[in-house]
Amino acid sequence: MVDFASVKGKVVIVTGASKGIGQAIATCYAQHGMKVVCANRNAEQGTKAVETIRNAGGEAVFCQTDCSSSEEIKALVAFAVEHYGRLDGIVNDAGIGMGGSPLHEYSIEDADKILDLNLKGVFAGMKYAAEAIFKSKAENGFIINVASIAGLMPQRGQSLYTATKFGVVGMTKSASLDYAPYNVTVNAICPGYTETPIFDGTPDQARQYFINDCPSGRMGQPEECAYLALFLASDMARYINGAAIPVDGALSAGAKNVSMWRHPEIME
Ligand SMILES: NC(=O)c1ccc[n+]([C@@H]2O[C@H](COP(=O)([O-])OP(=O)(O)OC[C@H]3O[C@@H](n4cnc5c(N)ncnc54)[C@H](O)[C@@H]3O)[C@@H](O)[C@H]2O)c1
């Protein structure tokens, strides 16, 4: 039976909740009666995001967290459990992009920065949340990692970002094997080009390139990832486990090719 009400009252942590995809997920969860612990680094933005949720009648609390620090993530999970008395799930969304250069042009500092947040931060989020989910005796626990289509198909100029997102997809699948017997699901959402502040300052020409590159002819909206995150948190998705699901307008379905060359009117 279609039943989104099953998420009501569940306690969830969403990292990167002040902007973009994380904010859309936190908002959507609160709209459906979940208790949301919003975590990100910038206190002003995080507090504002939580205020917006509360003003709309939702339940949320902010916890300032630098997700590239495993100690701060440990403290975030402890805060969530202390504040709401339990934990049912986590969405590890906080991440940075890094692209546009061939591998040798990246520095060791670049590697440390992106690995610490996009990969180690997700590991710490999964580890401490899993412990808390088990201690809470959550009936239908869930872990959702926001990876990327870069975790499914490598793109030029993105060697470090791609490494982190392939790592997240791999960790998701491996952990799903660990936790499936205990009824905790572990899945990854893999957004394609999605209109978030990550693209602020992107020149129009580059934005048009992303639009043209996508078979659907447009960029995605953050809410389109949030709808999937809501479904994955619901009791309807208990048999979806270990999946890396693209939300990308067919971008990762395969390379565009000339198979339609007999129909030039649709090639453009
Ligand atoms: N937007 C896209 O096109 C796209 C595509 C594929 C994957 N993704 C992934 O989706 C996730 C969210 O991306 P977005 O586009 O919404 O980005 P965004 O820049 O709009 O938001 C990122 C969020 O993460 C938070 N954050 C950044 N560094 C942090 C840190 N060290 N500690 C805690 N919080 C931190 C920011 O405060 C913000 O809330 C990322 O993991 C990104 O890799 C985005």
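The values are calculated or read from the model by the stated rules, or taken from the named source; none is laboratory data. None of the values given here were measured: they were computed from a predicted structure. FYI the Cβ positions are ideal-geometry reconstructions off the backbone, even for glycines, and counts take in every protein chain you see. Surface areas here come from the heavy atoms of the whole protein model, side chains and all, with no ligands, DNA or RNA. Shrake-Rupley method; radii C 1.70, N 1.55, O 1.52, S 1.80 Å.
Here are the numbers for this structure:
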item	result
Residues located in segment 107-125, provided they are within 16 Å of the ligand (Cβ to nearest atom), surrounded by fewer than 24 Cβ atoms within 10 Å (Cβ to Cβ) and not acidic (Asp, Glu)	Ala111, Lys113, Ile114, Leu115, Leu117, Leu119, Lys120, Phe123, Ala124
Ser174, sole failed condition from (1) small (Gly, Ala, Ser); (2) more than 14 Å from the chain's Cα centre (by Cα); (3) more than 21 Å from Lys120 (Cβ to Cβ)	(3)
Selected residue (criterion: surrounded by the most Cβ atoms within 10 Å (Cβ to Cβ)) from residues of segment 176-200 that are among the charged types (D, E, K, R) and within 16 Å of the ligand (Cβ to nearest atom)	Glu195
Inter-residue pairs, beta-carbon under 9 Å, first farther than 23 Å from Cys225 by Cα and in segment 125-152, second of a type in the set (S, T, N, Q) and within 11 Å of the ligand (Cβ to nearest atom), 6+ apart	none
Output for segment 30-75, where each listed residue is of a type in the set (Ser, Thr, Tyr) and open to solvent by 20 Å² or more (accessible area, probe 1.4 Å)	Thr47, Thr52, Ser68, Ser69, Ser70
